[in-house]
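For reference, the structure is listed below as structure tokens.
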Amino acid sequence: MMIDTRNAHEAFICKHISNQLITEGYPPLEVKRATNEALRFYRSTAKFTGSKVFDACLAKAKSMLAPLKKSAAQAVRKRA
């Protein structure tokens, strides 16, 4: 999964967010989409509070995937 980054900060964010989401069980295509959204959020936000850059980007990525996880859980309940 290759995402075009501009510097080491962006590479760090992309690498660790994608690793975190993959370990949580999200599909690779959705992980890439959420990582791109986190990177877009990082680039468009002028200032982060304290040293919470990674946490804010991870929260943005997870909020994008929240409906996906909810719909997957509902599908499992319907089958059972």
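Every number in this text was worked out from the coordinates using simple rules, so none of it is lab data. Small disclaimer: the values here were computed from a predicted structure and weren't measured.
Odds and ends about this structure:
- Across segment 19-28, computed HN-Hα scalar couplings (Karplus, 6.51 cos²θ - 1.76 cosθ + 1.60, θ = phi - 60°) run 4, 4, 5, 5, 5, 7, x, 7, x, x Hz from first to last residue, x flagging Gly and Pro.
- Dimensionless Rg/Rh of segment 1-68 - Kirkwood Rh, Rg from C-alpha atoms: 0.94
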